[in-house]
Amino acid sequence: MRHVGWVAGAAAAVLVAAGAITYAVADGDGSGSGSGSGTRTPAADSADAGFARDMAVHHQQAVEMSYIVRDRTKNVEVRRLAYDIAQTQANQRGMLLGWLDLWELPKVSSDAPMTWMGMGDMASGKDGALMPGMATNAEMKRLGTLGGKQAEVFYLQLMTDHHKGGIHMAEGCVAKCEVGVEKRLAQGMVDAQQSEITMMADMLKARGAKPRD
């Protein structure tokens, strides 16, 4: 239980910072858009736009997964973790889609997922797993059939994989994106999700399980 308070605090900090970050993008912070700044708006095929689109999709699955497990277990620790992840990633997803609106860019693209990272030709889309770490449709369906400890373990394993994929994508934005606040948000995702991976490993160990290879 020692981790739960930290997670709740971190989630609250992200929510408080969200409005400031969104306004900063609107005002043209860093190399971003913002009509008042006179700086260049990211192109539709830029890393900034690609990351925003892809991570919005990636986050949406994490939100869905978290609400599934919250209803499949009575364990307070797992329910709180799931709720915090759902709230944090739903908020970040809203920010990412909001930036696309501010930049007047489409929220969908004809390009394959991960094209902005030079990985558009990777084998993707297998049973709904469009990007690194995403669960398949079959895995999501299975999560919805489990209960108690089994649901907790499977969720923690799926979310660990999900975070690892998300970190890979966020690190790509840190390296390739040009909008300052978007790069900082991506780095914040890396830091927070790495900490949560460590936390989930401890939670799995307490349940006699471990992350999937």
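The values are calculated or read from the model by the stated rules, or taken from the named source; none is laboratory data. All figures in this text were calculated on a predicted structure; none of them were measured in a lab. Neighbour counts run over all protein chains shown; Cβ positions are idealised from the backbone, glycine included. The accessibility values were calculated without ligands, DNA or RNA, using every heavy atom of the protein model including side chains. Shrake-Rupley method; radii C 1.70, N 1.55, O 1.52, S 1.80 Å.
Using a 7 Å offset from the Cα along the Cα-to-Cβ direction at both K149 and R212, what is the distance between the two label points in nm, to one decimal?
2.1 nm
Can you figure out the FRET efficiency of L97 with E178, using R₀ = 22 Å and their beta-carbon distance, to the nearest 0.05?
About 0.70, to the nearest 0.05.
Roughly how many Å² is the accessible area per residue of region 50-151, as a whole number, for a 1.4 Å probe?
The answer is 47 Å² per residue.
Quick one: of K74/K205; K183/K210; K149/K205; K176/K210, which pairs are farther than 22 Å apart, Cα to Cα? Spell out each step's value before the answer.
Details: K74/K205 19 Å; K183/K210 32 Å; K149/K205 12 Å; K176/K210 33 Å.
Pairs exceeding the cut-off: K183/K210; K176/K210.
Assuming R0 = 45 Å, what is the FRET efficiency of R40 and V76, from their Cβ-Cβ distance, to the nearest 0.05?
The pair R40/V76 has a calculated efficiency of 0.40.
In terms of modelled amide H atoms, which long-range or inter-chain residues lie less than 5 Å from the amide H of E178?
Hits under the 5 Å cutoff: D48.
In whole percent, and with a 1.4 Å probe on the protein chains, what portion of the accessible area of region 74-213 is carbon and sulfur?
On the way: 3330 of 6550 Å².
Answer for region 74-213: carbon and sulfur cover 51 percent of the accessible area.
Can you give the FRET efficiency to the nearest 0.05 for A201 and D121, using r as the Cβ-Cβ distance and R₀ = 30 Å?
On the way: r = 32 Å, r/R0 = 1.08.
The formula returns an efficiency of 0.40 here.
Which whole-number percent gives the relative contact order of region 156-213, counting Cα pairs below 8 Å spaced six or more residues apart?
46 percent
Report the full-extension gain for the segment T136 to V108: residue separation times 0.36 nm, less the Cα-Cα distance, to one decimal in nm.
Value of the extension gain: 8.0 nm.
Post the alpha-carbon centroid distance, region 144-186 to region 98-112, in whole angstrom.
After rounding, the separation between the Cα centres reads 21 Å.
If you split all Cα-Cα distances of region 80-122 into 5 Å bins from zero, what percentages do you get per bin, shortest first?
In whole percents, the pair-distance histogram is 6, 19, 15, 18, 19, 15, 8, 1.
Which whole number in µm²/s is D for region 87-153 by Stokes-Einstein, with the Kirkwood Rh taken over Cα pairs at 10 °C and 1.306 mPa s?
So the translational diffusion coefficient is about 109 µm²/s.
Given H placed 1.01 Å from N in the peptide plane, which residues other than close sequence neighbours of A129 have an amide H under 5 Å from its amide H?
N137
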